[in-house]
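A short worksheet on the structure shown next.
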Amino acid sequence: MPKHTAPVKKNEIISLHFEDLTHEGSGVGKIDGYPLFVPQALPGEEGRVKVVKANKNFGFGKLLELTKESPERIEPVCDDKCNGCGLQHMSYNLQLEMKQNQVKNAMKKIAHLDHVPVHPIIGMDKPMHYRNKVQIPVGEKNGKLITGFYQKRSHHIIENTETCVTHNEVINEVVKAVRDISNRYGIKPYNEKDHRGVLRHIMVRTGGKTKDVMVVLVTRTNKLPHKEELINELTAQFPHLKSIVHNVNSKQTNVILGDKTEVVWGDAYIHDKIGDITFAISAKSFYQVNPSQTKKLYNKALEYAAIDHNDLVIDAYCGIGTISLFLAQKAKKVYGVEVVPEAISDAKKNAKMNGITNAEFFVGEAEKVMPWWKAQGLNPDVIVVDPPRKGCDEELLQAMIEMQPKRIVYVSCNPSTLARDLRILEDGGFQTQEVQPVDMFPLTPHIESVCWLER
Ligand code: SAH
């Protein structure tokens, strides 16, 4: 038996016709049924490809030259060295089509729910400058402090990528200002090799509606050098600045924020407004990154939840209570659960600030709290879940099934885990009604969906 059956060898140069796209947006071309994944190639295109890896069942190639171009190809805004926005060579229509197809495929292949309608993805009018939060690594080059994203699969900082086209413009301005001020006062960049130096990351967050700005300066040291100068210059330059936070991360770790957070100027949070509700958001809390699309996502989630004034509702993975408070405007009572204590304290503040008295928030792991609520006899009419990419834990899915709500709304940032969990909920007595993808992350391969199930 030959050791491998790949029809191509590493370093071989071949001609390839591309017929499909992978999850990450690479082109897929086949040789005698053997798929080769080639970054930057689009369906319908043809080109010369160098094989860079030939596994037994699939391989990877590098596009050397295009011999036939797709009409959906557009000029990328940047060269995407950081691998953050890998879909820039695609028209926005093709990006949307690709994401739509991925949700459909996951529903078919993983959930075995071919019949469930997947509605056309809701896109943005202008798919740029949407991100309201950025965390930029700090490094050193020729004795100067530099900022920029890491190069793909490395911790090498690529200069000037901090001005990414997905960012809200004010964020880029603030990052540049912190960098320049730091250089002027000789604030040392952190060096992760010998775990020395000071400034590790610059995090900036802004409110889509309010334009409020928060800067978080993450240092290895307990002291923030030139604190007064940083405060004076940043506040003079940015009238919308509402909060400057110093976070200390003295560990040797890839985790960005450390445990110690101190407000050095202004408030501990910024505000943003979605619809008629105002939210306070502190440094460590999750908040959706694309404000205009968030509204569309939440509207759909609320429509699917179809809350009645007698309903008891659970919002699991509730963050700062964004979805919970909209639910509470219609429901009898809402319980929110979330693992980050700072987010729950924001959620409580947000309920109060908006005069909402029928929402209660709890710190804990949703997969532990839900079974406990079940054991206490809590029987919600509607459950909303919005888990991170890994989806819901088995224990949480089981608790939902046992609680027998009439309806579940599942907000997901990963179609594969959504489909996996839908299969379990279907087997537990729920029927998936509809899926609505929403493009929260244009130019990147990430996909958000909201899904409606009835018991
Ligand atoms: N629904 C919110 C937050 C969604 S993001 C919104 O739209 O803003 C997912 C949230 O789940 C984050 O706030 C994260 O901190 C939280 N989380 C992650 N793992 C968790 C767990 N095991 N239990 C509860 N919350 C968790």
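The values are calculated or read from the model by the stated rules, or taken from the named source; none is laboratory data. Given the structure is predicted, the values throughout are model-derived calculations rather than measurements. Virtual Cβ from ideal backbone geometry, glycine too; neighbours counted across all protein chains shown. We work out accessible area using only protein heavy atoms, side chains counted, and drop any ligands, DNA or RNA first. Shrake-Rupley method; radii C 1.70, N 1.55, O 1.52, S 1.80 Å.
Things worth noting here:
- In region 126-142, the qualifying residues are those that are in contact with a helix residue (DSSP H, G or I) (Cβ under 8 Å, 6 or more places away or on another chain) and in a loop (DSSP other than H, G, I, E, B), and the one that is nearest to V435 (Cα to Cα) is P127.
- Qualifying residue in region 416-424 (condition: in contact with an Asp or Glu (Cβ under 8 Å, 6 or more places away or on another chain), acidic (D, E), at pLDDT 95 or above and part of a helix (DSSP H, G or I)): no
- Yes/no for K242 being open to solvent by 50 Å² or more (accessible area, probe 1.4 Å), assigned by TED's automatic domain parsing to the domain that holds I181, under 20 Å from R200 (Cα atoms) and not acidic (D, E): no
- Number of residues in region 253-303 that are under 12 Å from T322 (Cα atoms), open to solvent by 40 Å² or more (accessible area, probe 1.4 Å) and either in a loop (DSSP other than H, G, I, E, B) or of a type in the set (D, E, K, R) (or both) equals 5.
- Residues in region 335-367 that are over 24 Å from N379 (Cα atoms) and open to solvent by less than 20 Å² (accessible area, probe 1.4 Å): A343, D346, N350.
- Just one of the listed residues (A106, A111, A177) is touching a residue at least 60 places away in the same chain (Cβ under 8 Å) and assigned to a loop (DSSP other than H, G, I, E, B), namely A111.
- The residues in region 323-334 that are more than 7 Å from the ligand (Cβ to nearest atom) and either in contact (Cβ under 8 Å) with a residue 60 or more places away in the chain or surrounded by 21 or more Cβ atoms within 10 Å (Cβ to Cβ) (or both) can be counted, and the count is 7.
- Among residues of region 195-220, those that are on the phi < 0 side of the Ramachandran plot, open to solvent by 10 Å² or more (accessible area, probe 1.4 Å) and within 29 Å of the chain's Cα centre (by Cα), counted: 8
- Screening region 337-414 for strands (runs of 3 or more DSSP E) wholly inside it with 3 or more residues that are within 12 Å of the ligand (Cβ to nearest atom) returns the ranges 359-363, 407-412.
- Test: I320 is part of a loop (DSSP other than H, G, I, E, B), aliphatic (A, V, I, L, M), buried (at least 24 other Cβ atoms within 10 Å of the Cβ) and in contact (Cβ under 8 Å) with a residue 24 or more places away in the chain: yes
- Meets criteria (more than 29 Å from T166 (Cβ to Cβ), among the polar types (S, T, N, Q), open to solvent by 40 Å² or more (accessible area, probe 1.4 Å) and out of contact with any strand residue (DSSP E or B) (no Cβ under 7 Å at 6 or more places or on another chain)) for T5: yes
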